[in-house]
Structures are given as C-alpha cells and as structure tokens.
Amino acid sequence: LEAEIETLEAAKTKLEADTADLEEAQKHTALLRVMVDAYDARYALGEENIVAAKSALSGTETTLNLVLADIRSFDEGLADTLPQRLELIRTNLDWDIETAIEDCNQLIEDLLAVEAALYP
C-alpha cells in the first residue's frame, strides 16, 4: 500500500508540474498573440487599411488581460502602460495613422522585452 501511495504521490507531483508548464505555455501563447495582433495592425496601417487594423486589434485587450499579472511581476509600470498604449493605437486609427504605427512599434518593442524576460 505504501508503494502505491508513493507512486500516486509521484504521479500527482508530475501532474502538478505539467499543469504549471501548460499554464505557462498558455500565457506565453497569449503574449505572442498580442504581438501578432500588433504586427497585423501595423501592417494594415502601412497599407492604410483601417478596417483591417481595427479587426486585428478587436480581441487584443482580452488577450492582453490574460498576461498582465505576469507582466506586472516583471514591470509594474509597463503593465499599466500596455493597455493605455493599445487604447492610443485604437484612438489614432481614424485620426493619425503615423502615430498609430509608432504606437504599434512601441507596443511590439515592449512585448518583445517582456517575452525575453519572462519566457527565455
């Protein structure tokens, strides 16, 4: 019975480690999804396709929220800034494409720094 308990405890420990790895992979995937959205929006803006840029960013806020807690552990100020930068991009889509592109570039740069720090 003790051998079986040890086997089950080892299986439980492995399952917990696998679950933690899966959660980490899901967060990394969410961060990458936000980057892809920003790249897609920047490309669309370069083509002056506002509709495509808006579409690229349509679910980005929700995805970003999935990783903000981890980003906050890396850089609290950046975690506060990223949603604001996303909102700036959306605001500037209709008014100032060049500024929206610059904001996309800054968002991408910030996310690359977060990825390098959190997911080496």
Report task. Identify the single condition in (1) open to solvent by 90 Å² or more (accessible area, probe 1.4 Å); (2) assigned to a helix (DSSP H, G or I) that GLU48 does not satisfy, given that it satisfies every other one. Result -> (2)
Query - First in the range 1-24 and under 30 Å from VAL67 (Cβ atoms), second anywhere and open to solvent by less than 90 Å² (accessible area, probe 1.4 Å) and of a type outside the set (Val, Ile, Thr), Cβ under 8 Å, 6 or more apart - result: GLU24/TYR119
Query raised in the report: Quick one: PRO120 ticks every box in (1) without any contact (Cβ under 8 Å) to a residue 40 or more places away in the chain; (2) out of contact with any helix residue (DSSP H, G or I) (no Cβ under 6 Å at 6 or more places or on another chain); (3) assigned to a helix (DSSP H, G or I) bar one, so which box is it?
Result: (3)
Report task. Look at the range 97-107 and say how many of its residues are open to solvent by less than 50 Å² (accessible area, probe 1.4 Å) and free of Cβ contacts under 8 Å to residues at least 40 places away in the same chain. Result -> 2
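Check whether at least one residue in the range 28-37 is in contact (Cβ under 8 Å) with a residue 12 or more places away in the chain, assigned to a helix (DSSP H, G or I) and either over 20 Å from the mean Cα position of the chain (by Cα) or over 16 Å from ASP110 (Cα atoms) (or both), and report yes or no. If you could, list the steps in order and put the result at the bottom.
First pass over the range 28-37, keeping only residues in contact (Cβ under 8 Å) with a residue 12 or more places away in the chain: 28, 30-35, 37.
Okay, now just the ones that are also assigned to a helix (DSSP H, G or I), so 28, 30-35, 37.
Still in the running and either over 20 Å from the mean Cα position of the chain (by Cα) or over 16 Å from ASP110 (Cα atoms) (or both): none.
No, there is no match, as no residue in the range 28-37 is in contact (Cβ under 8 Å) with a residue 12 or more places away in the chain, assigned to a helix (DSSP H, G or I) and either over 20 Å from the mean Cα position of the chain (by Cα) or over 16 Å from ASP110 (Cα atoms) (or both).
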**Report entry** Complete set of residues in the range 40-63 that are free of Cβ contacts under 8 Å to residues at least 12 places away in the same chain and among the acidic types (Asp, Glu)
**Finding:** GLU47
Query raised in the report: Which residue, of THR81, THR62, is among the β-branched types (Val, Ile, Thr), open to solvent by less than 70 Å² (accessible area, probe 1.4 Å) and either at pLDDT 95 or above or part of a helix (DSSP H, G or I) (or both)?
Result: THR81
Query raised in the report: What number of residues within the range 89-106 satisfy the criterion of being over 15 Å from VAL34 (Cβ atoms), among the hydrophobic types (A, V, I, L, M, F, W, C) and in a helix (DSSP H, G or I)?
Result: 3
Query - Unique match (being in contact (Cβ under 8 Å) with a residue 40 or more places away in the chain and surrounded by 18 or more Cβ atoms within 10 Å (Cβ to Cβ)) among ASP110, ASP70, ASP94 - result: ASP70
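One line per residue, one yes/no per condition, for (1) among the acidic types (Asp, Glu); (2) out of contact with any helix residue (DSSP H, G or I) (no Cβ under 8 Å at 6 or more places or on another chain):
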residue	(1), (2)
LEU32	no, no
GLU47	yes, yes
THR60	no, no
ASP75	yes, no
ASP96	yes, yes
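The values are calculated or read from the model by the stated rules, or taken from the named source; none is laboratory data. Everything quoted here is computed from the prediction, not taken from an experiment. Cβ coordinates were reconstructed from backbone atoms using ideal geometry, including for glycine residues, and neighbour counts include every protein chain displayed. Just so you know, the surface numbers come from the protein's heavy atoms only, side chains and all, with ligands and any DNA or RNA stripped out. Shrake-Rupley method; radii C 1.70, N 1.55, O 1.52, S 1.80 Å.
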